[in-house]
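Chemist: Mind looking over this structure? Questions follow.
The values are calculated or read from the model by the stated rules, or taken from the named source; none is laboratory data. For clarity, every value in this text was computed on a predicted model and none was experimentally measured. Don't worry about glycine lacking a Cβ; one is built from the backbone with ideal geometry, like all the others, and counts go over all protein chains shown.
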Amino acid sequence: MSVFASDAVVLRTWPVHEADLIVSLLTRDYGRVRGVAKSALKSRKRFGGALEPMTVARAWFAERPGQELVRLDQLEIIRSPLSAPVDHLRMAVLSFFAEVLDQALPERDPQETVFRLLLAVLEQTTVEQTWMPLTYFQLWMTRLMGLLPDIGHCTACGEALVAGEASFNRLGDGLFCAVHRNGSASELSADSLQLAQRMLRSPVAVFAGESWPVRRGQDLRRFTLQALERHLERKLRSGEALDRWGI
C-alpha cells in the first residue's frame with residue numbers, strides 16, 4: 001500500500017454504504033482523486049468540517065494496487081468556506097467551481113495551474129464580491145481547457161476583431177467578426193472584450209478593488225459558459241442556478 005499527502009480542495013461528496021462518504025478531491029500533486037472516507041457520516045471526529053465542498057486542506061490518503069478509489073485517512077483544514085459569511089449566491093458560485101472541475105478534469109492528472117487558479121478565486125469569492133472571481137474562473141478555465149482561441153482575432157478568418165463587433169455562438173469556439181457572424185450569434189460588448197484581454201494578462205487580485213455589478217461581464221460569462229457546456233456535452237446544474245442571478 002502506498003501512502004500520499006498533498007494540499008487539496010474538496011469538490012464534492014456523496015454517501016455510500018451506511019456511514020461512508022466518497023470524496024472527490026482536487027489535489028495539487030496528483031490531480032483529481034476520488035477516495036472513501038470511512039465512517040464519515042457516523043463520526044465527525046476524524047474529519048470534522050473538512051468535508052465541506054471547497055474546503056482547502058492537507059490530505060493524507062492511501063492507495064492499494066488495482067483499486068480505483070483511495071482510502072482517505074485525514075484532512076487537516078487550511079481554509080474553510082464557512083469561515084467567512086455565506087449567502088445563497090456565494091454558495092452557488094462555489095458549487096459552480098466544484099461542478100466544473102469535477103466534470104472537466106480527468107482523474108490522476110496533475111493540474112498545477114488549475115489548482116492555483118482555484119485557490120486564487122476562492123480567496124476572492126466573498127459575499128460582497130462574487131461576479132468578479134466567477135468571471136475570472138470561467139474565462140481562465142475555458143483557456144486552460146483549450147476552448148478559447150485568440151480572442152483578438154476572428155476564429156473563422158483570422159482578421160483582427162473590432163471592439164463592439166465581436167460575437168459568439170453555441171456552435172463553435174472563439175469569437176467571430178461582423179462578416180462571419182451567424183444568425184443565432186450573441187454580441188460580446190467592447191467592454192467585455194477589453195475586460196477579457198485584461199484578465200488574461202493579470203492575476204485575479206488585480207481586479208479585487210473594482211466595482212462589479214451583475215451586468216459587468218455578463219455577456220463574457222455567457223460566452224465562456226457556452227464553451228464549457230459544449231465541451232462537457234451537458235448543462236451545468238450550478239450554471240442554471242446562477243442564471244437566476246444573472247450569469
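Chemist: Select from region 130-158 the residues that are touching a Lys or Arg at 6+ places or on another chain (Cβ under 9 Å) and under 16 Å from W212 (Cβ atoms) and list them in ascending order.
Modeler: T130, W131, M132, L134, T135, Q138, L139
Chemist: Now, a different point. Look through A37, A50, A62 and report the one residue that is within 22 Å of I78 (Cβ to Cβ), at pLDDT 85 or above and surrounded by fewer than 16 Cβ atoms within 10 Å (Cβ to Cβ). Spell out the reasoning first.
Modeler: Working: A37 fails: surrounded by fewer than 16 Cβ atoms within 10 Å (Cβ to Cβ); A50 fails: surrounded by fewer than 16 Cβ atoms within 10 Å (Cβ to Cβ).
On inspection, the qualifying residue turns out to be A62.
Chemist: Here is a follow-up. Determine which member of the set V114, V179 is surrounded by fewer than 17 Cβ atoms within 10 Å (Cβ to Cβ) and aliphatic (A, V, I, L, M).
Modeler: Of V114, V179, the one residue that is surrounded by fewer than 17 Cβ atoms within 10 Å (Cβ to Cβ) and aliphatic (A, V, I, L, M) is V179.
Chemist: Being of a type outside the set (A, V, I, L, M) and within 18 Å of R221 (Cα to Cα) is the filter here, so list the residues in region 105-125 that pass it.
Modeler: Within region 105-125, Q124, T125 qualify.
Chemist: Can you tell which of R28, R58 is among the basic types (K, R) and in contact with a helix residue (DSSP H, G or I) (Cβ under 7 Å, 6 or more places away or on another chain)?
Modeler: R28
Yes/no matrix, rows are residues, columns are (1) over 30 Å from T126 (Cα atoms); (2) assigned to a strand (DSSP E or B); (3) over 20 Å from the mean Cα position of the chain (by Cα); (4) assigned by TED's automatic domain parsing to the domain that holds R116:
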| residue | (1), (2), (3), (4) |
| --- | --- |
| D7 | no, yes, no, no |
| T13 | no, yes, no, no |
| V23 | no, yes, no, no |
| S39 | yes, no, yes, no |
| G48 | no, no, yes, no |
| L72 | no, yes, yes, no |
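Chemist: Can you name the residue in region 141-189 that is assigned to a strand (DSSP E or B) and aliphatic (A, V, I, L, M) and is also nearest to the chain's Cα centre (by Cα) among such residues?
Modeler: Within region 141-189, the match that is nearest to the chain's Cα centre (by Cα) is L175.
Residues checked against (1) loosely packed, with under 14 Cβ neighbours inside 10 Å; (2) in contact (Cβ under 8 Å) with a residue 40 or more places away in the chain; (3) under 17 Å from the mean Cα position of the chain (by Cα):
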residue	(1), (2), (3)
V206	yes, no, no
S211	yes, no, no
V214	yes, yes, no
L220	no, yes, yes
A227	no, yes, yes
R234	yes, yes, yes
G239	no, yes, yes
L242	no, yes, yes
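Chemist: If Q67 passes every condition in (1) surrounded by 14 or more Cβ atoms within 10 Å (Cβ to Cβ); (2) without any contact (Cβ under 8 Å) to a residue 60 or more places away in the chain; (3) farther than 20 Å from R237 by Cβ but one, which one does it miss?
Modeler: It fails just one condition, (1).
Chemist: Sort out which residues of region 170-184 are under 20 Å from G217 (Cα atoms) and at pLDDT 95 or above, and write them in order of number.
Modeler: G174, L175, F176, C177, listed by residue number.
Chemist: For region 74-110, how many residues are of a type outside the set (S, T, N, Q) and part of a helix (DSSP H, G or I)? Give the steps one after another, and end with the answer.
Modeler: Step one: of region 74-110, the residues of a type outside the set (S, T, N, Q) are 75-79, 81-82, 84-94, 96-102, 104-110.
Filter once more, keeping what is part of a helix (DSSP H, G or I): 81-82, 88-94, 96-102, 104.
Selection size over region 74-110: 17.
Chemist: For region 74-90, does any single residue satisfy the condition of being more than 28 Å from L134 (Cα to Cα), among the basic types (K, R) and either in contact with a Gly (Cβ under 6 Å, 6 or more places away or on another chain) or surrounded by fewer than 16 Cβ atoms within 10 Å (Cβ to Cβ) (or both)?
Modeler: Of the residues in region 74-90, the ones more than 28 Å from L134 (Cα to Cα) are 74.
With among the basic types (K, R) added as a condition, the list becomes none.
For region 74-90, residues more than 28 Å from L134 (Cα to Cα), among the basic types (K, R) and either in contact with a Gly (Cβ under 6 Å, 6 or more places away or on another chain) or surrounded by fewer than 16 Cβ atoms within 10 Å (Cβ to Cβ) (or both): absent.
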